[in-house]
Amino acid sequence: MLSKRLQSLTKYIKRDDKLIDIGCDHALLDIYLVKSDIINNMIVSDVHENALQAGIDNIKLNKLTNKIDTRLGNGLNVLSDEDDIDTILISGMGSSTIIEILNHPYLKNINKLIIQSNNDHELLRKKISSLGYIIKEEEFLIDKNKQYINIVFVKGNKKYTNDELRYGPILIKDKEYMKSLLNSKKSIINYIPKNKILLRHKMKKEINVINKYIQMT
Ligand SMILES: C[S@@+](CC[C@H](N)C(=O)[O-])C[C@H]1O[C@@H](n2cnc3c(N)ncnc32)[C@H](O)[C@@H]1O
């Protein structure tokens, strides 16, 4: 069965998306997407031979080699204009790697980016919005005691405030998410030594900002 984390990404994929999953590893999500008829066919890729081989083996086991095209290589380098891809899915990587991958001429063809980054969502929002995308959807979820954030970007231009980039323009209005952020900041502050006055002050300021947004929702 697909994990809650991977399952959460499936709703963002529409039947007519021309999709690549970059960093597919075992290709479990991709096999699910095709088997469930969410999408008819797609490309999957991975930069590591062993990871891609795990995907190829699973795709063969599921008799989907005619529907899932596998490519070995770094990021968008595996694509050429003939591939006609307009949607990218990336999950399970850090934001710096994701940004490096998107810094590629093929990005001009991409209308939608579905991203589940492991870290630094502020950097991710800042960089991807500066590439000419807006944030269409955001979701916070917990799977096996780990927190995940899904962000869907589509082509567009919008100037976000610093707080929107930090907490997410959609998540900032999500009381449950902001409450969980508040709790994690409150637990962190307890570990900051009393003599680290500046650091404690910064954290208290952030707690106040988060509290302000919780009151507003
Ligand atoms: C932690 S796995 C995540 C697998 C799957 N996407 C998921 O969410 O469960 C990350 C995968 O990304 C691949 N990867 C890392 N950097 C990459 C790059 N620049 N291009 C393609 N694949 C990459 C790794 O080899 C690894 O298989």
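Among the residues in segment 202-214, are any more than 25 Å from the chain's Cα centre (by Cα), aromatic (Phe, Trp, Tyr) and outside the structural domain of residue 10 (by TED's automatic domain parsing)?
There is no residue in segment 202-214 that is more than 25 Å from the chain's Cα centre (by Cα), aromatic (Phe, Trp, Tyr) and outside the structural domain of residue 10 (by TED's automatic domain parsing).
How many residues does segment 115-132 hold that are within 29 Å of residue 15 (Cβ to Cβ) and either in a strand (DSSP E or B) or more than 14 Å from the chain's Cα centre (by Cα) (or both)? Lay out the reasoning, then the answer.
Pass one, segment 115-132, residues within 29 Å of residue 15 (Cβ to Cβ): 115-118, 121, 124-125, 128-129, 131-132.
So of that shortlist, the ones also either in a strand (DSSP E or B) or more than 14 Å from the chain's Cα centre (by Cα) (or both) come out as 115-117, 131-132.
Qualifying residue count for the region: 5.
Among the numbered criteria (1) out of contact with any Ser or Thr (no Cβ under 8 Å at 6 or more places or on another chain); (2) surrounded by 16 or more Cβ atoms within 10 Å (Cβ to Cβ); (3) over 16 Å from residue 114 (Cβ atoms), which single criterion is violated by residue 71?
(1)
Checking residue 154 against (1) away from the ligand (no atom under 16 Å from the Cβ); (2) on the phi > 0 side of the Ramachandran plot, which test does it fail?
Evaluating residue 154 over (1) away from the ligand (no atom under 16 Å from the Cβ); (2) on the phi > 0 side of the Ramachandran plot leaves (2) as the failure.
For residue 33, are the conditions met, namely being crowded, with 18+ Cβ neighbours inside 10 Å, closer than 26 Å to residue 121 by Cβ, more than 8 Å from the ligand (Cβ to nearest atom) and touching a residue at least 24 places away in the same chain (Cβ under 8 Å)?
Taking the combined requirement at face value, the residue does not satisfy it.
Confirm whether residue 175 is surrounded by fewer than 17 Cβ atoms within 10 Å (Cβ to Cβ) and without any contact (Cβ under 8 Å) to a residue 40 or more places away in the chain.
So residue 175 fails the test.
Here is a list: 134, 142, 98. Which entry is surrounded by 15 or more Cβ atoms within 10 Å (Cβ to Cβ), closer than 23 Å to residue 5 by Cβ and either within 16 Å of the ligand (Cβ to nearest atom) or in the same structural domain as residue 50 (by TED's automatic domain parsing) (or both)? Outline the logic, then answer.
On the way: 134 fails: closer than 23 Å to residue 5 by Cβ; 142 fails: surrounded by 15 or more Cβ atoms within 10 Å (Cβ to Cβ).
The unique qualifying residue is 98.
Do we find that residue 21 is touching a residue at least 60 places away in the same chain (Cβ under 8 Å) and within 11 Å of the ligand (Cβ to nearest atom) in this structure?
In short, yes.
In the list 15, 5, which residue meets the criterion of being basic (Lys, Arg) and either crowded, with 17+ Cβ neighbours inside 10 Å or outside the structural domain of residue 152 (by TED's automatic domain parsing) (or both)?
5
From the list 16, 46, which residue is under 21 Å from the mean Cα position of the chain (by Cα) and near the ligand (Cβ under 9 Å from one of its atoms)?
So the residue among 16, 46 that is under 21 Å from the mean Cα position of the chain (by Cα) and near the ligand (Cβ under 9 Å from one of its atoms) is 46.
Of all residues in segment 165-199, which are part of a loop (DSSP other than H, G, I, E, B) and either of a type outside the set (Gly, Ala, Ser) or over 30 Å from residue 135 (Cβ atoms) (or both)?
Answer for segment 165-199, where residues must be part of a loop (DSSP other than H, G, I, E, B) and either of a type outside the set (Gly, Ala, Ser) or over 30 Å from residue 135 (Cβ atoms) (or both): 169, 170, 174, 190, 191, 192, 193, 194, 195, 196.
For segment 70-82, give me each residue that is at negative phi and within 15 Å of the ligand (Cβ to nearest atom).
70, 71, 72, 74, 76, 77, 78, 79, listed by residue number.
Looking only at segment 114-131, count how many residues are within 14 Å of the ligand (Cβ to nearest atom) and touching a helix residue (DSSP H, G or I) at 6+ places or on another chain (Cβ under 7 Å).
Selection size over segment 114-131: 5.
The values are calculated or read from the model by the stated rules, or taken from the named source; none is laboratory data. Keep in mind the model is a prediction, meaning the values are calculated, not measured. Please note: Cβ atoms are built from the backbone with ideal geometry, for glycine as well, and neighbour counts cover all protein chains shown.
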